[in-house]
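What follows draws every value from the coordinates through simple rules; no lab data is involved. Predicted, not measured: the structure shown is a model, and the values here were computed from it. Cβ atoms come from the backbone with ideal geometry, glycine included; neighbour counts cover every protein chain shown.
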Amino acid sequence: MAYIEISGLSKSFVTPGSRRDVLANVTLSIERGEFVTIVGAMGSGKTTLLNIVAGLCAPDEGTVTVSGELTRGIRRDAALVFQNYSLLPWFSALENVRLAVNAAFPNQTRREQLARARRNLERVGLTNAEHRRPGQLSGGMRQRVAIARAFAIEPEILFLDEPTAGVDVELRRDMWRLVRRLRDSGVTIILTTHYIDEAEEMADRIGVINKGELILVEEKIELMKKLGKKRLTLQLQEPMAAVPAGLAQWRVTLQDGGKALVYDFDARDEGTGIPMLLRRVSELGIAFKDLQTQQSSLEDIFVSLVHQRT
């Protein structure tokens with residue numbers, strides 16, 4: 001059995017006269033120390049999924065187990081960083097962090113808890129803001145407090161729900177540096193994001209969620225191999241008005257105002273016909289000054305997968 005087992009999760013929100021299905025039979029296994037990223041558009045269900053796995057709300061159907069035990073409420077060994085910060089507005093930044101430390105380490109003295117809280121505020125660059133309340137901090141600073149609070153409890157599981165949405169580039173860089181340290185120490189991490197570049201850089205496996213359905217979960221490298229396309233681009237010496245009929249079998253297109261001849265092909269297909277295409281280009285007297293190939297990005301794959309489901 002995997003460290004985290006998510007089995008058959010379904011969730012709907014019902015209001016008078018309406019029902020909105022948010023999750024539909026989501027099943028996923030996560031190993032200890034794994035970094036799994038769930039990508040999806042706004043409203044796709046990724047935040048609801050994370051809330052259920054984190055123990056913040058209950059599913060209509062299905063179960064979540066950690067080390068074989070059903071989750072009931074928020075675990076002491078889990079930390080959460082959400083887009084809306086979830087800070088207590090009447091406490092200072094220091095006390096917000098210390099209260100989390102107290103929940104995780106209730107046997108420590110208040111002085112020990114405060115020392116741990118200060119160290120983690122220092123890690124996120126908020127040494128001079130520890131006595132300010134959340135309402136006195138900018139959005140980026142509030143997110144730094146939330147990150148310090150999460151990391152201060154030394155979690156075994158870290159839940160990150162759109163943690164860098166709307167924050168500055170410096171905070172994103174600092175946060176991912178800290179997250180990498182936790183990942184390297186064996187912390188299990190579940191991230192939801194619509195920043196595809198974050199998934200591409202950080203994750204071991206990537207899940208794609210669309211309209212409440214987890215339509216794919218795959219190791220990042222294998223996903224790129226299986227679903228990635230390649231593009232061959234010939235930069236022409238002279239622009240062309242139309243693709244010559246002699247190239248019709250390759251379905252090439254013209255781009256950049258006729259200055260580039262482009263051929264998209266499946267990277268898995270050994271019979272892509274690249275040599276034949278180049279030979280035919282030469283036979284037709286088409287001169288090009290540069291040739292390049294490009295692998296499709298994870299964002300291209302995501303858009304393609306979602307498009308297939310609509």
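Just so you know, the Cα atoms of the range 25-120 work out to an Rg and Dmax of 16.0, 46 Å.
Comparing mean-square fluctuations of 185, 282, 12 from a GNM of the chain with C-alpha springs under 10 Å, the top value falls on 282.
Considering only DSSP beta bridges with both partners in the range 7-164, what is the antiparallel share in %, to the nearest 5?
65 percent
Across the alpha-carbon set of the chain, the Rg to Rh ratio works out to 1.10, Rh being the Kirkwood radius.
Among 27, 48, 193, the residue with the largest mean-square fluctuation in a Gaussian network model of the chain, with springs joining Cα atoms closer than 10 Å, is 27.
Placing pseudo-labels 7 Å out from each Cα toward the beta carbon at residue 32 and residue 154 gives an inter-label distance of 1.6 nm.
Of all beta bridges DSSP finds with both residues in the chain, what is the antiparallel percent, to the nearest 5? Present the calculation step by step, with values, prior to reporting the outcome.
Working: 39 of 58 bridges.
The antiparallel proportion sits near 65 percent.
When you restrict to C-alpha pairs under 8 Å that are six or more residues apart and normalise by the size of the range 195-268, the relative contact order lands at 27 percent.
Across all Cα pairs in the range 89-151, the calculated P(r) in 10 Å bins from zero up to the longest distance comes to 27, 58, 15, 1 percent per bin.
Mean-square fluctuations from a GNM of the chain, with a 10 angstrom spring cutoff on Cα atoms, peak among 291, 28, 182 at 291.
Return the loop-located GluC sites (Glu not before Pro) in the range 199-265 (DSSP other than H, G, I, E, B) with at most 10 other Cβ atoms within 10 Å of their own Cβ; answer none if there are none.
Those that pass, being in a loop and sparsely packed, number zero.
Gain on full extension, evaluated as 0.36 nm per residue between residue 88 and residue 110 minus their Cα-Cα distance, stands at 6.1 nm.
If you build the convex hull over the alpha carbons only and average its shadow over all orientations, what do you get for the range 228-297? Give it in nm² to one decimal. The partial results should precede the final answer.
Working: hull surface 18.2 nm².
Taking a quarter of the hull surface, the average projection is 4.6 nm².
The distance from the alpha carbon centre of the range 96-172 to that of the range 176-236 is 26 Å, rounded to a whole number.
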